[in-house]
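The structure under discussion appears below in the form of structure tokens.
The values are calculated or read from the model by the stated rules, or taken from the named source; none is laboratory data. This one's a predicted model, so the numbers in the text were calculated from it and none came from an experiment. Please note: Cβ atoms are built from the backbone with ideal geometry, for glycine as well, and neighbour counts cover all protein chains shown.
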Amino acid sequence: MRVYITTPIYYVNDEPHIGHCYTTILADVISRYYRLFGYEVRMQTGTDEHGQKVQQSAAKRGLSPQAQCDEYSKRFEAMWEKLEIHPDHHFIRTTAEFHKKAVQEFLRRLEKAKTPEGRDAIYEADYSGWYNVSEEMFISEDDVTEEGKSSGRIVHLTEKNHFFRLSDYGEWLKTYIQDHPAFIQPTGRRNEVLGLIDQGLSDLCISRPKSRLSWGIEIPFAPDYVTYVWVDALVNYLSGIGWPEDPDWEKWWGSGVEVLHLIGKDILKPHGVFWPCLLHAAGVPLPTTLLAHGWWTRGGQKESKTVTQALAAQLPVRHIRELIEEYGVDPIRYYLMREMTLGNDQDYSEELIVARINSDLANDLGNLLNRVTTLVRNHFEGKAPAPGTPDSGGEELLASVKACVEEIAPSEAGWGDPRTKVESIRGCVRMANQYVTDREPWKLLKEGKSAEAGQCLAAALWSLRVLAVLLHPILPRKMEALLAQIGCPAKKDDVVWDGRFDLPAPGTLIPGGEPLFPRIDWKAVEAKLAQSSKETRKEVEVPRMELISIEDFKKTDLRVAQVLAAERVPKADKLLKLQIRIGSEERQIIAGVAEFYAPEEIVGKQIIVVANLAPAKIRGIESRGMLLAAREGDRLRLLTLDGDGVGDGAKVG
């Protein structure tokens, strides 16, 4: 079986942060696991290099757009090299000629296509409305803010453009998703896309006039326009495998091939709505699975260049490049794969990273390796002992290791969640440690029972060898070093599962070596971070607040409310309609939280609402009250009650 795994292509406006690195490490790890079990694999990543932001950023720096792209693209390539990530064949750059040709051919096919309703898929029309420069897309009136207008981030445009008739594809896409439950994962993201479809899809503007944006790929049937950057970017998944000119492209996008797109949840709509409809219109099969993971957060806020100074002061954590330099590449790869559950957001700190390295790698795996190899070197002339007949503990350990192999191996349902896989391996490591502790081979040796001690150590060595192979996709260099220490050396990146549970063979030289995972003194690291923070921290200006009297505050009636039901407001990406209960009263409120919470996530929560707010109509729907939430940057959290014991309708304050 063949597997084609892609990451998003990353925009050339910053150096890679932890979010970029997580997605790409995840792609590399899944690719390595498939190869480990004999699959033919292709993994692809790259950079997204067109669009208004690139053009504007380059102009501010006095560079050509191409020079800016060349500079930033190299940063991503250098980071992937540092992280032991090796994409196959092409590192995609959307400024490459082969990609431009593929995009133009894709557009030609769209221009000739008919929608499920029998209409032209592409049409030309005048458009007047608001445009978000930073997101490079037209937006609704509800998404316009005074801050956006004053900063120039949101501007009003009137121009002729070309549109893809996305609105005609809603029913087709909904049916496809329902008939292919594995297409969008996890389930919450699938439901989110279905919710977007139920709101009604708006047609997609796919062109930008050269008069205001020249940095893009020219539309072949409209030479005065360049294509919308998202159409350009999405086609990379095809252009990177030779579509349409290379007849071999179907090797990686045809029947029997698993095509897996890995993305962050913030780009779910372009991938989960635009991309399948565009592919269907162009006559190209859809990918197998779109897997949208959560965000890495600090204090609940998405990790990106927008992290505030105040948050950085409260939660000091270094850039991933510095973390790699401090702790090594493999431990950081391990932490990212071990910590996040796919689909959920995951908070992190440097203290948590150190704790995981010390507990999982130094205490568990490193300790097992060190004490087993030391006993073999000191009491068996440095050679693997004969296993003899395993005792019940040894048989149980080897049975668990064999079961772990079955669990780690890919199946027809795909590879699964890396955190679950890591937990399975960790369970076997702990079991092997406990087995050695219970059998006490050092005590058996003192009692002259070398055969029994040898049997125990042989079982532990066999387990170490299998577990090192299973961990190799995550910890490639460290596991190659481990295999060398137990006499089973492997060439760099040339580790496959051979089905054997009897290595190292009796008599194999067990050289041992230095500890692979020395314990880290967190107190020393913490002191260094505190000193560095003290030296570099800038004073954070606190905005002046408008004060109110206690009498004004008393006029606000804050109450506990139970969310009984929630649904999206049609044609309003940011709004949810909530049915809530305040004591014995039920009422309806409209809340702008749909970007942050799916309807099913909010039902059942106890929230805080302003209960005496005058009724208002939002999008023609009455809203009687307002919920409370905290927002910083691009993260929002509802104010909810923790624990039981407070009834609906209870007064707050």
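When the criteria are applied in full, Tyr10 fails the requirement of being surrounded by fewer than 22 Cβ atoms within 10 Å (Cβ to Cβ) and under 27 Å from the mean Cα position of the chain (by Cα).
Which one of these is under 29 Å from the mean Cα position of the chain (by Cα) and more than 25 Å from Pro186 (Cβ to Cβ): Ala591, Ala598, Ala630, Ala650? Of Ala591, Ala598, Ala630, Ala650, the one residue that is under 29 Å from the mean Cα position of the chain (by Cα) and more than 25 Å from Pro186 (Cβ to Cβ) is Ala630.
Considering the stretch 557-615, and only residues there that are surrounded by fewer than 19 Cβ atoms within 10 Å (Cβ to Cβ) and among the aliphatic types (A, V, I, L, M), the residue that is modelled with the lowest pLDDT turns out to be Ala598. So, Arg298, is that one modelled with pLDDT under 95, buried (at least 20 other Cβ atoms within 10 Å of the Cβ) and among the basic types (Lys, Arg) or not? Answer is yes for this residue. With respect to the stated conditions, Asp493 is under 27 Å from the mean Cα position of the chain (by Cα), acidic (Asp, Glu) and not in a helix (DSSP H, G or I). Go through the residues of the stretch 140-150 one by one and say whether even a single one is part of a helix (DSSP H, G or I), free of Cβ contacts under 8 Å to residues at least 40 places away in the same chain and within 19 Å of Pro276 (Cα to Cα). No, the conditions are met nowhere in the stretch 140-150. Within the stretch 145-158, the set of residues being buried (at least 16 other Cβ atoms within 10 Å of the Cβ) and modelled with pLDDT of 85 or more comprises Ile154 only.
Of everything in the stretch 175-199 that's modelled with pLDDT of 95 or more and assigned to a loop (DSSP other than H, G, I, E, B), which residue is nearest to Leu260 (Cα to Cα)? Only one residue fits best here, namely Phe183. Residue pairs whose Cβ atoms lie under 8 Å apart, separated by 6 or more positions or on different chains, with the first residue in the stretch 104-131 and not assigned by TED's automatic domain parsing to the domain that holds Asn161 and the second of a type outside the set (A, V, I, L, M, F, W, C) and surrounded by 14 or more Cβ atoms within 10 Å (Cβ to Cβ), do not occur.
Condition check: at pLDDT 95 or above and assigned to a strand (DSSP E or B). Does Asp168 satisfy that?
The answer is no for Asp168.
Filtered by the rule that a residue be aliphatic (A, V, I, L, M) and surrounded by 13 or more Cβ atoms within 10 Å (Cβ to Cβ), the stretch 104-131 gives Leu107, Leu110, Ala113, Ala121, Ile122. Of the residues in the stretch 496-518, none is in a helix (DSSP H, G or I) and either outside the structural domain of Cys404 (by TED's automatic domain parsing) or not acidic (Asp, Glu) (or both).
Looking at Asn378, Asn344, Asn363, Asn370, just one residue is more than 24 Å from Arg419 (Cα to Cα), surrounded by fewer than 18 Cβ atoms within 10 Å (Cβ to Cβ) and not assigned by TED's automatic domain parsing to the domain that holds Cys21, and that residue is Asn378. Residue-level analysis places Arg500 among those that are among the basic types (Lys, Arg) and over 20 Å from Arg371 (Cα atoms). Once the stretch 347-360 is narrowed to residues that are in contact with a strand residue (DSSP E or B) (Cβ under 8 Å, 6 or more places away or on another chain) and under 20 Å from Thr23 (Cβ atoms), the residue that is surrounded by the most Cβ atoms within 10 Å (Cβ to Cβ) is Tyr348. Answer yes or no as to whether Leu201 is surrounded by 16 or more Cβ atoms within 10 Å (Cβ to Cβ), closer than 15 Å to Leu279 by Cα, more than 21 Å from the chain's Cα centre (by Cα) and in contact (Cβ under 8 Å) with a residue 24 or more places away in the chain. The answer is no for Leu201. Within the stretch 44-66, being among the hydrophobic types (A, V, I, L, M, F, W, C) and modelled with pLDDT of 95 or more holds for no residue.
Taken together, the criteria place Gly416 among residues that are surrounded by fewer than 23 Cβ atoms within 10 Å (Cβ to Cβ) and free of Cβ contacts under 8 Å to residues at least 12 places away in the same chain. Met43 falls short on exactly one of the conditions (1) without any contact (Cβ under 8 Å) to a residue 60 or more places away in the chain; (2) under 28 Å from Val469 (Cβ atoms); (3) surrounded by fewer than 22 Cβ atoms within 10 Å (Cβ to Cβ); (4) of a type outside the set (Val, Ile, Thr), and that condition is (3).
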